[in-house]
Each structure stands twice: as C-alpha cells, then as structure tokens.
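Input: a single structure, listed below in structure tokens.
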Amino acid sequence: MAKDPLGKRPRPLTGRRFADYADQETQLREAKMRKVVKSIWVEHPPQANVIGRILAYRFATLEGAEIGGQDGLCFSQDSQIGKTATVTRVKHILAEERAARGELPNPYQIIVVGLDQKTSLKSVLQDVLIQMEDPDWDYGTEKQLRQRIRRFVKRLGVELIIIDECQHLQKGGNDVADVTDAFKRFLDMGIAPLVLVGNLDAKRVFDRNPQFRARLGLPLTLPALDVKKRTADAVHFRNFVMGFDAALAQLEAFGKTSDLSAPAMLDALQEASGGYFGRVARIIQNAAIHAAARGAQFIEAYDLSCVVRDYAIPAGWVGDDPFSTPNV
C-alpha cells in the first residue's frame, strides 16, 4: 500500500474513528458543540488594539464631520485571520456599554454590511438602507440613496457603518474609480464614519484613488504571530490557545481538557495556521465539532489532523499536516 504523502496520521484515542451521522445522538452532540464554539470569545491583545482603534475613531466622530469632512478606516489582509470577528466585536462592546448605563438597546448603533460577488455601487447603498430597515430601500438613484442614508443615520442614531468583503467592489462591472469616488463623497458629506474591510484584493480598491486612500489613514492590521522565538507574539499565541481550551472546559464541552497548549500542540497549531489567531480559532472550532460528533472525550491530535487535511490545506493555509508523523 502506498504511503500517505502527508505522513502517518495519529490514531483516535477515544470515541469512534468516524462519526455516525445516521445516529440522532451524534447529530445532537454536533449541534450542541457548534453553538458552544460560536459562543467562545478569547481576549487577544493584538485584536484588542484593532478594536481600540475603531472605538477611538468612532468616539472622535460622534459630534459629526469636521471642516473638510470625515476620515475613514480600512482593513485589508488575508482571509480567515479574524477581521470580521474583530470589527463586529465593536457592536457587541458598545451594546454592553449601553446596557451598563441603563440605556435601551439601539440595534442601529453600528451598521454592518457584508457584500457579495454580485455587488454594485448602488446595491451597497441599498444594503445599508436594508440594515436600517428602510421600507423604500430599492427606490431612487445613487444620489437619492445617499441622502436617505444621511437622514436615517441621524434619525436612528447610527454611529458607525462597517462594510465587509470590500474586494467585491471591483467585480460585477464596477469601475473602481467610481466606487472610491462615491465613498470619498460619502466621507466628504459627513454622512457617517466608515470602516472598510476586505481581503488582500480589497487593497487595490482602497489604493486605486490616492485622494481616497489618504482619507483612510494608517490601515488596521492583524499580523501573523511569530511564535518560534520567546517574544510577546509567542505569549499571545499560547495565551489565546490556552484561553480557548479553558473556555471549552468551563462550558463543559468535553469530559476532560484537550491540553492544546502543550508545546507539540502549539508548534503544530502555529504551523497549520501560519500564526494567524483567526485561523487558529477556526481550526480549534472545527476540531471540537469533529471530536464531539465522533463521541471523543476531548480534542485529539487526530481531530486536528483531520481538520488540517480537509480544511486548512484546501484553504491554502498550509501544505503539510503537522499533526502527522513524517514517513521514514
């Protein structure tokens, strides 16, 4: 029999080798674990810095546009590194602050719009109005839509508009110059503060118009963590993994802790994720679901290996399976 090019995969220690999805108990275990992992939030200092910059920007714009209009923020990096989770966390934080002050919730305080591949400039404005629950969101020219957004911002108390997946703005027949000019006018008119988010392709959208790019200032960044040296990065990475493992234990997701912060586990997780904490989170989340579905007592190297082979490698994050033993 030919050797596995990715090496010898670790064997499962507990539970079944493969989940039996015809079994209702398996279905219920997986469904429960999906909810558990989605509820986990681990504080991560590099991420907190990005959130802090967005909060500072929002605070500075609360009184409206200054002379010359508002500035914006941009955030363009590789996919699945935690960008969306980071920017949407702002909405959660501000909602908690309102509750702590005894104020009623404002679902419109932060508007988050995710674009799709068929996005046009007009549809972006319409998507913003949909989030504001404008019954006439599909009526009017681009200019009229912008004016309606301006009125709704004031009426609803919108403090920030976050537009995600901005790389799609260069598709669907859009002229990038028209798109960036429209966003620049949006800021010039002081309609609302803007945070533009996307993958590396979005950088082309932001950089195409030098005047617009100048309005976006220093980009937000979540660089990969270098954990091979005894640096702050290594501490952040270890603490994030330990925090996720601790949260799983606190929520009694498994019968025992998974010991994900063991040196060998940390090294393998860093290699599989490239040091991006967002990717680490996704690997652990999917491994937890995989382990729960097969009835394992904890996340094992076997589960992590399965996720790397069937998820991380196809996604292009890594070329090898660091949880497997090299062939000799």
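The values are calculated or read from the model by the stated rules, or taken from the named source; none is laboratory data. From a predicted model like this one, the values you see are computed outputs, not experimental measurements. Because the Cβ atoms are built from the backbone with ideal geometry, glycine has one as well, and the counts that use them run over all protein chains shown. SASA here: full protein model, heavy atoms, side chains in, ligands and nucleic acids out. Shrake-Rupley method; radii C 1.70, N 1.55, O 1.52, S 1.80 Å.
Just need the relative contact order of region 162-280 here, percent rounded to a whole number, with Cα pairs under 8 Å and 6+ apart. Mind showing how you got there, number by number?
Numbers: 108 pairs, mean separation 25.7, N = 119.
The normalised contact order for region 162-280 reaches 22 percent.
Rg of the Cα atoms in region 80-237, relative to 2.2 N^0.38 Å, amounts to 1.15. Mean shadow of region 193-307, computed from the convex hull of its alpha carbons, in nm²? Orientation-averaged projected area of the Cα hull: 9.5 nm². Each residue, Ile130 and Ala95, gets one label point 7 Å from its Cα in the Cβ direction; the gap between the two is 2.0 nm. Can you list the lysines whose alpha carbon is less than 18 Å from that of Lys122, not counting same-chain residues fewer than 8 positions off? The reachable lysines, counting only those whose Cα sits under 18 Å from Lys122, are Lys143, Lys171, Lys184.
Each Lys or Arg adds one and each Asp or Glu takes one away; over the other residues whose Cβ falls under 14 Å from the Cβ of Ala31, this sums to +2. Above 33 Å, the calculated P(r) of the chain contains 37 percent of its Cα-Cα pairs.
Label-to-label distance, Ala214 versus Ala232, with points set 7 angstrom from Cα along the beta-carbon direction: 3.2 nm.
If the viscosity is 1.306 mPa s and the temperature 10 °C, what Stokes-Einstein diffusion coefficient in µm²/s follows for region 36-110 when Rh is the Kirkwood radius over Cα pairs?
Working: Rh = 14.3 Å.
It comes out at roughly 111 µm²/s.
Legend: residues Tyr276, Tyr139, sorted from most to least accessible area (1.4 Å probe; ligands, DNA and RNA excluded), read Tyr139, Tyr276. When the residues Leu55, Leu62 are ordered by accessible surface, computed with a 1.4 Å probe over the protein chains alone, the sequence from largest down reads Leu62, Leu55.
Using a 1.4 angstrom probe with every protein chain in place, what is the largest-first accessible-area order of Leu196, Leu28? Display every interim value, and only then the final one.
Values: Leu196 0, Leu28 95 Å².
Most to least solvent-accessible, the answer reads Leu28, Leu196.
With a sphere of radius 10 Å drawn around the Cβ of Pro12, what net charge do the other residues whose Cβ falls strictly inside it have (Lys, Arg +1; Asp, Glu -1)? Before the final figure, lay out each step's value.
Working: positive: Arg9, Arg11, Arg16, Arg17, Arg294; negative: Glu300, Asp303.
Value of the local net charge: +3.
At full extension, Asp78 and Ala48 could sit 8.9 nm farther apart than now, given 0.36 nm per residue minus the alpha carbon distance. Note on Met33: accessible area is roughly 10 Å² with a 1.4 Å probe, heavy atoms of protein only. Taking all protein chains as they are arranged and a probe of 1.4 Å, the heavy atoms of Ser261 leave approximately 40 Å² accessible to solvent.
What is the set of long-range amide H partners of Leu160 at a cut-off below 5 Å, with H atoms built 1.01 Å from backbone N? Under 5 Å from the amide H of Leu160: Ile111. Legend: calculated FRET efficiency, Phe59 to Asp188, from the Cβ-Cβ distance at R0 = 35 Å, rounded to 0.05, equals 0.95.
With contacts defined as alpha carbon pairs under 8 Å and 6 or more residues apart, what's the relative contact order of region 104-213 in percent?
Across region 104-213, relative contact order equals 31 percent.
In terms of its C-alpha gyration tensor, region 254-317 comes out oblate, because a/c is 1.5 or above while a/b does not outweigh b/c.
Helices in the chain that qualify as membrane-span-like (whole DSSP H runs, Cα extent of at least 20 Å along the helix axis, mean Kyte-Doolittle hydropathy of -1.0 or higher) are 45-60, 83-100, 232-250, 277-293. Which part of region 239-253 falls in the paramagnetic zone of Ser39, meaning amide N under 13 Å from the point 7 Å along Cα-to-beta-carbon? Residues 247-253 fall inside that zone.
Spin-label model, Asp201 to Asp4: label points 7 Å out along the Cα-to-beta-carbon direction sit 3.3 nm apart. Dividing the mean sequence gap of close Cα pairs (under 8 Å, 6+ apart) by how many residues the chain holds gives a relative contact order of 29 percent. A probe of 1.4 angstrom, applied to the heavy atoms of all protein chains, finds Arg29 with accessible area near 80 square angstrom.
At q = 0.25, 0.29 Å⁻¹, what base-10 log of I(q)/I(0) does the Debye formula yield for region 201-243 when every alpha carbon is treated as an equal point scatterer in vacuo? Evaluating at q = 0.25, 0.29 Å⁻¹ gives log10 I(q)/I(0) of -0.80, -0.99. With 19 Å as the limit, the listed pairs Lys32/Lys83; Lys38/Lys83; Lys32/Lys256 have Lys32/Lys83 beyond it between alpha carbons.
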